[in-house]
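Data first, discussion second: the structure below is written as C-alpha cells.
FYI, it's all coordinate maths here, none of it is from the lab. From a predicted model like this one, the values you see are computed outputs, not experimental measurements. Every residue, glycine as well, gets a Cβ built from its backbone with ideal geometry; the counts of neighbours run over all protein chains shown.
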Amino acid sequence: MKIGFLNYATSKTHSLLLVTIALLSPAWLTASAESRIVATTSMLADAARQLSEDFAHVNGLMAEGVDPHLYRPTRNDLVLLQRADIIFYNGMHLEGRMGDTLNRLSRRSKSVHAIAEAVFAASDREPLLEDENELDPHIWMEVNLWREAVVRMAEILADEFPQHAEVVRNNHARYDAELLLLETYAREVLTTIPQATRVLVTAHDAFGYLGEAYAIEVRGIQGISTESEAGLRDIVQLIDFIVERDIPAIFVETSVADKNVRALIEGARARGHQLIIGGELFSDAMGPRGHWTGTYIGMIDHNVSTIASALGGTVPEGGFRQWRKNR
Amino acid sequence: MEWYALDSWIVLTGALCAIACALPGTFLVLRNMSMMGDAISHAVLPGLAIAFLLSGSRSSIWMFVGAAVVGLITALATQWISHWGKVDRNASMGIVFTTLFALGLLIIVQAADHVDLDPNCVLYGALELTPLDVVAEWTWFGLLIELPRAALVLAVVASINLLIICVFYKEMKVAAFDPDLSEAQGFRAGWMHYLLMAQVAVTTVAAFEAVGSIIVVAMLIVPPATALLLSKRLGMVLFLSATLGAAAALMGHLAAIHFPPLLGFNGTSTAGMMALATGFLFVLAWLKHLMFN
C-alpha cells in the first residue's frame, strides 16, 4: 500500500464523526486484502480480469451503457481509486475531466497508466485524428490494436506484481490467442459485406479504427461533442448519401441517444428508400456483466455480426462462438 | 462506516465552496438575481470555444480563462442591459445568457465541430475527484496532510469574498436595499453592482472548475434564501447562509454515502446530495417560519 493514500481516522473531528454516524459500511469496501486493480472503462476492466485471474480483484468504474466523456465518479469510486495498487485508464481525453485528474495523479506516487497512450508510445502506429489536433481514443474498435493494449497491460501487471509474473504471462498467452481468433473472425465476416454498401452510419464518431482496419467507410451523424447537435443540412446531406449509395441499414449505439438516427430513417423513407436500424452497437461501453456482450470478445462479436448481417454480408450461425467451435 | 482523509477533504471542499458562494449569493438573492449562477453556467460556452480556437488546446487552464472572461461579460452585460435598456434584471439575464449560449453553439458548429467542448467534459470539475489532485503535502503530528488544489482555490476565493464584504459592507448593504440613498450618500450604487457581478462571475467559474456546476448553483441561492427566512439582519443572514451551506456540505456527503446502500445502490453523487441537503434545510427553515410567524 502506498503511503499517504489511506489516512485512517485519527483526529478528534474524525472520531466525533464516527461516533455521530455509526452506520454499516458497504461490504465490498471491507473485502479481502488481495491485489486491487481499478479500471475506468468496462473494456479495460475485462482485459485486466482476464490477465490477473487468480490473484487480483478488478473493479471497473463505468457500468454498461455509460458515456465515458460524461462519467461522474462517486465517493466510493474515489475510495476504490485510492486503495488500488494499479489504475488503468484509456486516456486521450476519453474520460474527460477525470482523465486530467488521473493524469496528474500518475505524476505522483501511484501506479496509474493511460493504456491508449501507452499503445501509441510503444508502437510506430499513429493514432487516428478526430480533428487536426484531437486524437481518436476508441482503440478497442480494432481487435489488433486492442491486442497491443493488452500486451501493455500484461507488461505493467508483470512489472507491478513480479510474484505473479508467470501467471500473467500464461493468462496473456491464452487470452491473446482468443483475441487473434476474434481478429480473424472480424476480418472474415466484415469482408463478406458487398463493396458498395460497406458503409457504417452511426450516431457518433466512435468507429474510426474499425473502419480503417476492416476497410469500412464510417459516417457519424453528430460531431464528437454531445453539445453540438447535428444541423439540418448535415442530416439532409447524409440522407442524400444513403439514398445514392443504396445503403440498407444504419446503427444506433447503447451509450448515445438515437434521436438523430430516427431522423435519418424518416428522411430516407420520405425519399422512397427503405432504411432500417441494423441493430444496436456497443461503442463506449460493453453490455451488462455476466452477459456475453459484457465481455470484450462478446462485444466485438456482437458489433461485427450485427454490422455484417445488416449490410448484406454473411454471418456464421451462432456468431463467433459457433465459428470458433467449428475450427 | 470508514471515514477516510478523502471524506474530510470532500466535506471541507464542499463547505469552502458553500461559503465562497453564499456570501455573494446573499446579495444576489436580495437583488432578485438568484439565477445568475445558472445563467453563467450556460453562458460560458462561447468562452470555451474561443479559448479553444485561440490556444488549440482543451487544457483546464485555457478553459478556465475563457470561461472566466465570458462569465464576467455575462454579469456585466446583464447589469448594462437592465440599466440602459430599462429591462427587468431577470429578463436581462435571460437575454444575455441565451444569446451567449447560442453564440457558443454557432462558433462550435462553424469552427470546432469535431471537438468535444461540452462544459461537462472540459470545464466542470467533480467534487468527488478533488482529493486526488494535490498541490501541497506536509506532515503534521505524524499525520500526512495532502492539500487538494480545489480546497486551496476555494479557500482563496472565499477569503477574497469575505474581505470584499468586510471592506464594503456598508456600501453593499445600502446599494442592495436602497440604491437612491446610496447615490445620495455620494458613492455610486452602480459600482457596487459591478463589484458584486465581478465577484459572482469569478466565484462561480472558479467553483465550476473546482467542483462542478450543480453544487455551485445550489449554494449561491438556497442557503441565502434559507437564511433570509431565519433572520432579517444582513450580518446575521450572511453568517447563517455560510454556516447553513457548510452544514449542507457535511449532510450531503453523509447522505451520498449512506442513502443509496439502504436502497440497494452503490453510492451516489456527493455534489448532488449536497444540493439536496440545502433544499432540506430550506424546508426546515420554511416550516419554522410557518409555525412561528
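How would you order A:80-91, A:304-315, A:241-252, B:79-90 from highest to lowest mean count of nearby Cβ atoms within 10 Å?
A:80-91, A:304-315, A:241-252, B:79-90
Per residue, what volume in Å³ does the Cα convex hull of the protein assembly as shown take up?
Normalising the Cα hull of the protein assembly as shown by residue number yields 180 Å³.
Would you work out which of A:Ile86, A:Pro68, A:Leu157 lies farthest towards the positive end of the dipole of the stretch A:12-186? Charges go on Cβ: Lys and Arg +1, Asp and Glu -1.
A:Ile86
Just want the answer: with Cβ charges of +1 for Lys and Arg and -1 for Asp and Glu, which residue in B:Ser92, A:Ala310, B:Asn266 is farthest toward the dipole's positive end in the protein assembly as shown?
B:Ser92
Using Cα positions and a limit of under 15 Å, work out the aspartates and glutamates in reach of A:Lys325, with same-chain residues fewer than 8 apart set aside.
A:Glu178, A:Asp301, A:Glu317
What does a probe at A:Asp54 reach in the stretch A:152-183, counting residues whose amide N is under 18 Å from the point 7 Å along Cα→Cβ?
Of the residues in the stretch A:152-183, A:154-178 have backbone N under 18 Å from the label point off A:Asp54.
Under unit Cβ charges (Lys, Arg +1; Asp, Glu -1), what dipole magnitude, rounded to 20 debye, does the protein assembly as shown have relative to its Cα centre?
Dipole magnitude for the protein assembly as shown comes out near 1980 debye.
Per residue of B:122-135, what is the mean number of Cβ atoms on other protein chains within 10 angstrom of that residue's Cβ?
Other-chain Cβ atoms within 10 Å of each residue's Cβ, averaged: 6.
For chain B, please report how many Lys pairs fall under 24 Å Cα to Cα, leaving out neighbours fewer than 8 apart on the same chain. Intermediate values should be presented prior to the final figure.
On the way: B:Lys86/B:Lys173; B:Lys170/B:Lys232; B:Lys173/B:Lys232; B:Lys232/B:Lys288.
So the count of such lysine pairs works out to 4.
About the Cα centre, and with charges only on the beta carbon of Lys, Arg (+1) and Asp, Glu (-1), how big is the dipole of chain B? Nearest 20 debye, please.
The dipole magnitude comes to about 880 debye.
How well do other chains shield peptide A:65-75, expressed as the mean number of their Cβ atoms within 10 Å of each residue Cβ?
Neighbouring Cβ atoms belonging to other protein chains average 6 per residue here.
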